[in-house]
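Let me begin by presenting the structure, written as structure tokens, before commenting on it.
The values are calculated or read from the model by the stated rules, or taken from the named source; none is laboratory data. Quick caveat: nothing in here was measured; it's all calculated off a predicted structure. Reconstructed Cβ throughout: ideal geometry from the backbone, glycine too, with neighbour counts over all protein chains shown. In case anyone asks, the SASA skips ligands and DNA or RNA and just uses the protein heavy atoms, side chains included. Shrake-Rupley method; radii C 1.70, N 1.55, O 1.52, S 1.80 Å.
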Amino acid sequence: MKKLLITLLVALCALPAAADEGMWLPSLISSRIKDMRAKGFRLTADDIYSINRASMKDAVVLFGGGCTGEIVSEEGLLLTNHHCGYGAIADHSTVGHDYLTHGFWARSRAEELPNERLNVRILVRMEEVTDRLAAGEKADEILAAARAEGVGYKASIEQMYYGNQQFLFVYEQFDDVRLVGAPPSSIGKFGGDTDNWIWPRHTGDFSVFRIYASKENKPAAYSPDNVPYRPRRHFTISTRGIGEGDFTMIYGFPGNTQEYILSDAVAYIAERSDPAKIAIRTGRLELIGAAQESDPALRIHYAARHASIANAWKKWQGEVLGIRRMKAYEAKCDYERRFAAWAADKEEYADVLALLKAEYARIADPYFAREITAETLATLPARYSAEERAADYFARLEGTERALFRFVFGQYAERCPAAYRIDEFDQGVAEDGSPEAYADRVFEGVWSGSDTTTIDRLRAGMKREQRRIADELGTQALRNLNSRRLSELYTRYLRGLMEWDTERAFFPDANLTLRVAYGSVAGYEYADGEYHKPQTTLDGIIAKDNPAIYDYDIPQALRDLHASKEYGRWATEIDGRRTVPVCFLATNQTTGGNSGSPILNARGELVGINFDRTWRSTMSDIVFDPTICRNIAVDIRYVLFTIDRIGGAGYLIDEMTLR
Ligand code: ARG
Ligand code: GLU
């Protein structure tokens, strides 16, 4: 048993330093450069990040506050994912100009479409300010000084290693970002939810934007007088392609990982939180799916909702599977036992694990209540808008909407810890006799519009309860099972871990700050005899093509191109076939927020755009398995092929730098 645990521990702790785990701070990348170069990287730390000269970081943007994008021309042309540009594409779509369905290609600068709610940020610099803060400087003053440095400057201070280090990030924010191009959804979303998180994959998940600036090349609110932004740096594109084993690097904004959490939190995620959330979403998806099956208008009505529910639902299933498969809980327990033995005679650390565990026991119920509320009652509409009511199919929504009310009321009653249930809810159930009968009453008021006070009372109760829980946890800022006290204890625990586990290559958890991940193009063997090649091609799209299945119905133009084999300069020989490459797999550690990130070769040239992981990889937010964790990128050659041969927008390619 002991031996087994040690083997697991080695898998958990020792391998990652040698393998491709890690999301590194660009300003400190010099500490990884030796390893990167040993794995094939040809450039220097200064090429990745420099404040004195143009470097790659000047070509990477935080796109829309939750995705990544990359600049690919001297005139501010930007690539990101289709699912990241989706909101902008949808906003410009009408029945007459349905850009989601048919795609969109601006034929001139004048046709590029402004987007009111979209901005991008470019990192000006990052700088550790731990010592300055410790010396008594005020965070507000540091931030105010940074914001005063330039037009459109934004600044924030972010914690690394649970506050053991604090970094100032200074960004230049551009608010005039215009839509330039998007493939039809049948390419940009090819495979839909069916293929989401799945390999083999064939999605052309990209869209094209352009940053505009004032005549002085500074950030400016939208104006017809603005001009294309001239970046300090843009990425050169490699059309030579990639092969298994080639070095890859991802430069982007990963959102949230939890690499250092205790076994208690791993158990909470894999045995309590994820299973409950999966079960609730399964129920909602069944109701919505049945409506979609039965009625084409309802299929469209629920499409966006279905996609967003299904995305995390599938991810959590992979997370639970991966955590269990790796025995991450057991491995963490053993790691903690060994840490505790080391810490026993050290005053600073001796009690920290016990205190952390006690705090976990205190906060698990209130945090779980928050999660259950978010997955149930908070998903319900308080009103149906005039626009919804005007839809000719509105009446046909009633059955499904009522069933959703009943289902989530029942789930809330069953799963929310009683001490954190909303009083108004318990009263309603007592009055009507069951959660479902109470759901009917609330629903009928909302549906007819005749009584919205009942749901408003419930929502006020929800708000009050959320505030009470936030008070109990000592913080509003909760992305994970956490509390103010827990964060303080983790500061100490992490310091202890780093003192004790000197062999481990520590990197700060993802927190939507700019990071570098590196690895290589690689397939994976999930089970004996089940090897997945790292590259897909146009032939795979044609094999999936089926006009009767919405997710697999491709544009006729793509069928025609495949039939005539007129691939132009994008044709490549793969496994002895002349075809077009579509997606590829690599070993880089990524997470939500890395969507749209540039994936670069050893020379720093763009070879793909990151857009997903395999669902069996998603435990990597907690524990990384180098043998199976893979990110999924769209091959840049498929992006160029689509722009050129499907969009007829070769003039955009002329503006890029191809090698
Ligand atoms: N799984 C990817 C991500 O987490 C893509 C999601 C968008 N695509 C979809 N079919 N829902 O965001
Ligand atoms: N599609 C995700 C995103 O929007 C990336 C997938 C992942 O979690 O790795 O950021």
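Helix-derived [θ] at 222 nm for the chain: sum -39500 (n - 2.57) over DSSP H runs of at least 4, divide by residue count, nearest 500? Write down the numbers at each step before the final one.
Working: 26 runs with 265 residues, N = 659.
That calculation yields -12000 deg cm²/dmol at 222 nm.
The simple spin-label model puts a point 7 Å past each Cα toward its Cβ; for Lys565 and Glu348 those points are separated by 6.8 nm. Between the residues Asn119, Leu321, Asn594, the greatest Cα displacement towards the positive end of the dipole of the chain, with unit charges on the Cβ of Lys, Arg, Asp and Glu, is found for Asn594.
When you count, for each residue, the other Cβ atoms within 10 Å and take the mean per peptide, how do 561-574, 481-494 rank with the highest first? Display every interim value, and only then the final one.
On the way: 561-574: 14.4, 481-494: 19.6.
Answer by packing, highest mean first, reads 481-494, 561-574.
Counted residue by residue at 0.36 nm each, then reduced by the alpha carbon distance between them, the extension gain from Asp365 to Arg132 reaches 80.1 nm. Run the Debye formula on the Cα coordinates of region 47-150, all scatterers equal and no solvent, and tell me log10 I(q)/I(0) at q = 0.11, 0.15, 0.20 1/Å. One equal scatterer on each Cα of region 47-150 leads to -0.52, -0.82, -1.14. The modelled label-to-label distance between Ala145 and Asp46, using points 7 Å beyond Cα along the C-beta direction, is 2.7 nm. Close amide H pairs (under 5 Å, H built 1.01 Å from N) link Arg125 with Val170, residues at least 5 positions away or on another chain. You can think of it this way: the chain between Glu655 and Phe506 has 49.6 nm of extra reach, that is 0.36 nm per residue less the Cα-Cα gap.
Which entries of Lys277/Lys327; Lys34/Lys327; Lys189/Lys544; Lys154/Lys215; Lys34/Lys154 show an alpha-carbon separation above 24 angstrom in the structure shown?
Values: Lys277/Lys327 21 Å; Lys34/Lys327 32 Å; Lys189/Lys544 14 Å; Lys154/Lys215 21 Å; Lys34/Lys154 33 Å.
Pairs exceeding the cut-off: Lys34/Lys327; Lys34/Lys154.
Note on region 437-485 and region 122-142: Cα centroid distance 37 Å, given to the nearest whole angstrom. Using 1/(1 + (r/R0)^6) with R0 = 35 angstrom and r between the beta carbons of Asp551 and Val95, what's the FRET efficiency to the nearest 0.05? My answer for the efficiency is 0.95. Computed in the context of the full set of protein chains, the accessible area of the chain at 1.4 Å probe radius has 51% of its extent on carbon or sulfur. Here each label is just a point 7 Å from Cα along the line to Cβ, and for Thr453 and Ser223 those points are 5.2 nm apart.
Charge tally for Gly496 (other residues, Cβ to Cβ under 10 Å; Lys, Arg +1; Asp, Glu -1): 0.
Charges were assigned to the Cβ only: +1 to each Lys and Arg, -1 to each Asp and Glu. The resulting dipole of the chain about its Cα centre is roughly 1080 debye. Each principal axis of the Cα atoms in region 325-386 has its own extent, and those three values, largest first, are 67, 30, 15 angstrom. Highest-first packing order for the peptide set 412-423, 325-336 is 325-336, 412-423, based on the mean count of other beta carbon atoms within 10 Å.
Can you give the relative contact order of region 439-517 as a percent, counting alpha carbon pairs under 8 Å and 6+ residues apart? Each step should come with its number before you reach the end.
Working: 22 pairs, mean separation 9.0, N = 79.
Normalised by residue count, the contact order of region 439-517 is 11 percent.
Taking Cβ atoms as reference points and 9 Å as the exclusive limit, the residues near Tyr518 contribute a net charge of 0, counting Lys and Arg as +1 and Asp and Glu as -1.
Roughly speaking, what is the stretch gain from Arg468 to Glu158, that is 0.36 nm per residue apart minus the C-alpha to C-alpha distance, in nm to one decimal? Write out the running numbers ahead of the final one.
Values: separation 310, 0.36 × 310 = 111.60 nm, distance 2.63 nm.
So the chain would gain 109.0 nm between Arg468 and Glu158.
Considering only Ala182, Phe169, Asn217, the residue lying farthest towards the positive end of the dipole of region 168-232 is Asn217, judged by Cα position with unit charges set on Cβ.
Mind ranking 164-176, 461-473, 621-633, 197-209 by how tightly packed they are, going by the mean number of other C-beta atoms within 10 angstrom, highest first? Before the final figure, lay out each step's value.
On the way: 164-176: 20.1, 461-473: 16.0, 621-633: 23.4, 197-209: 25.2.
Packing order, densest peptide first, comes out as 197-209, 621-633, 164-176, 461-473.
Projecting the Cα positions of Gly445, Pro200, Val521 onto the charge dipole of the chain (unit charges on Cβ atoms of Lys, Arg, Asp and Glu, taken about the Cα centre) puts Val521 furthest along the positive direction.
Could you please put Lys218, Lys34, Lys357 in sequence from largest to smallest accessible area, using a 1.4 Å probe?
Numbers: Lys218 90, Lys34 175, Lys357 70 Å².
Solvent-accessible surface, decreasing: Lys34, Lys218, Lys357.
With a 1.4 Å probe and all protein chains left in place, how much accessible area per residue does region 325-457 have, in Å²? Numbers along the way, then the final one.
Numbers: 6130 Å² over 133 residues.
With the other protein chains kept in place, region 325-457 gives 46 Å² per residue.
Temperature 37 °C, viscosity 0.692 mPa s: under these conditions the Stokes-Einstein estimate for the chain, based on its Kirkwood radius over C-alpha pairs, is 124 µm² per second.
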